[in-house]
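Notes for the one structure printed next.
Each value in this text was obtained by applying a stated rule to the coordinates, not by laboratory testing. Since the model is a prediction, treat every value here as computed from it, not as a measurement. Note that each Cβ is placed from the backbone with ideal geometry, even for glycine, and that neighbours are counted across all protein chains shown.
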Amino acid sequence: MTEPLLAALEGVLFVAEGAMTPAEIRAALGTDEVSDEQVQGALAVLAQRHAPAPDRGFFLARVGSAWQLRTTPTVASFVAPLTGIKPVRLSRAALETLAVVAYRQPSTRSDLERIRGVDCGGVLRALLDRKLLRIAGRKNEPGRPMVYATTNEFLEQFSLGTLADLPSLLEFTELTPEDLQGMPQHVVDEAAAAQLTLADYAARRAIEHLDAEVDRRLHAQGEGSSLPRETKA
């Protein structure tokens, strides 16, 4: 891999306003002499060269099918005042709904309400407005209910390359305070900054065992009882 190509890609990513796909990067180079394979190879090299580390100020992140230079959490307090960008804050209700969709998508509204035990209409609308969820079609069952899935903006917000990068439920149900003590400080700081909110939800709710408990509670309430309304989206 030639250094001029690596330098060119670094420059393009440095001035880009957002994440760029390999095709967009290649187009920005303005030459037909660079192939898609060369761009992909250069990105792989740069990802290793600019890997996230507590002693670095930025790293190259894969966001869905795109790439972006991002600052590391350790310098967030210094960079935030310069950007003027306010961190996105989501309610617990929104985070719970996102977590269920992320791990079980595509999901219908009734799926979400069955798991969470509350009406999810308001929080779904809020997440659609923020483009963290999208309508992915309709389910082939009576009533043809809409199904929801996560978006590229969701991946970007939570610094995920693909949905496969989501932490497994097993990983976080097995974590103990002693495990956290043995982790690098920047990992603990990320968790404290809500970077691992999905994992926190999975650990608290243990989704794989939740369905039976929800069924038991709904049955105890009696058939036909209405779901409580969400108080805050």
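Details
- Along each principal axis, Cα extent of segment 60-104, largest first, Å: 35, 26, 17
- Per-residue Cβ neighbour rank within 10 angstrom, fewest leading, VAL79, VAL12: VAL79, VAL12
- Listed peptides 64-75, 113-124, 17-28, 46-57 by packing density, highest first (mean Cβ within 10 Å): 113-124, 64-75, 17-28, 46-57
- With the alpha-carbon atoms of segment 3-83 aligned to their principal axes, the span from lowest to highest coordinate is 41, 24, 23 Å, starting with the largest.
- Distance between the 7 Å Cα→Cβ label points at VAL75 and ALA149: 3.6 nm.
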